[in-house]
Amino acid sequence: KDGFSVIAWSPLGQPSEQIARVPVTGSTWKVTEVASGKAIEAQAVPIDQITKNLPLLYINYFQLTPEQIDAKKKEYANTATHVLLFPIELPAVGYNTYVV
């Protein structure tokens, strides 16, 4: 698995705490807050089939051949298997960065 960064922005005029929801493939992930280097507790929750199929609702099937429909389904397929949930702390009118 390749790691990536999550940058969360808050336009609020006060500090806030939120839960980040990031679609991922696989169930084993570690999250670290960049500013402090602190490890953040995270939980990977499996995605149900209905949620996985949501992107397919955006396909315009009008005048598509069966081959084109199959190609569009592959293009729009949701490859995520889990949603990674972790708490984030955001400063007033600012951002925080996390490495996953």
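Quick notes
- Criterion violated by Pro23 - all others in (1) more than 13 Å from the chain's Cα centre (by Cα); (2) loosely packed, with under 15 Cβ neighbours inside 10 Å satisfied: (1)
- Close pairs (8 angstrom Cβ cut-off, 6 or more residues apart or separate chains): closer than 21 Å to Val24 by Cα in the range 52-74, of a type in the set (Val, Ile, Thr) anywhere: Lys73/Ile59
- Boolean, Glu17 is on the phi < 0 side of the Ramachandran plot, assigned to a strand (DSSP E or B) and either of a type outside the set (Lys, Arg) or surrounded by fewer than 13 Cβ atoms within 10 Å (Cβ to Cβ) (or both): yes
- Every pair of residues 6+ apart whose Cβ atoms lie under 9 Å, when the first sits in the range 32-45 and is closer than 12 Å to Thr97 by Cβ while the second is part of a loop (DSSP other than H, G, I, E, B): Thr32/Lys38; Thr32/Val100; Ile40/Lys30
- Note on the range 49-100: among residues that are among the acidic types (Asp, Glu) and over 28 Å from Glu17 (Cα atoms), the one that is farthest from the chain's Cα centre (by Cα) is Glu67.
- Residue check for Trp29: open to solvent by 80 Å² or more (accessible area, probe 1.4 Å), of a type outside the set (Val, Ile, Thr) and in contact (Cβ under 8 Å) with a residue 60 or more places away in the chain: no
- Asn60 vs. criteria of a type in the set (S, T, N, Q) and not in a strand (DSSP E or B): yes
- Single residue of the range 1-14 satisfying the filter (modelled with pLDDT of 95 or more and either assigned to a loop (DSSP other than H, G, I, E, B) or among the hydroxyl-bearing types (Ser, Thr, Tyr) (or both)) that is nearest to Ile88 (Cα to Cα): Ser10
- Residue selected from the range 36-55 under the condition open to solvent by 90 Å² or more (accessible area, probe 1.4 Å) and assigned to a loop (DSSP other than H, G, I, E, B), by the criterion farthest from Ala71 (Cα to Cα): Lys38
The values are calculated or read from the model by the stated rules, or taken from the named source; none is laboratory data. Note that the coordinates shown come from a computational prediction; the quantities given were computed from them, not determined experimentally. All Cβ positions, even for glycine, are placed from backbone atoms using ideal geometry, and neighbour counts span all protein chains on display. Heads up: the accessible areas ignore ligands, DNA and RNA and are worked out on the full protein's heavy atoms, side chains in. Shrake-Rupley method; radii C 1.70, N 1.55, O 1.52, S 1.80 Å.
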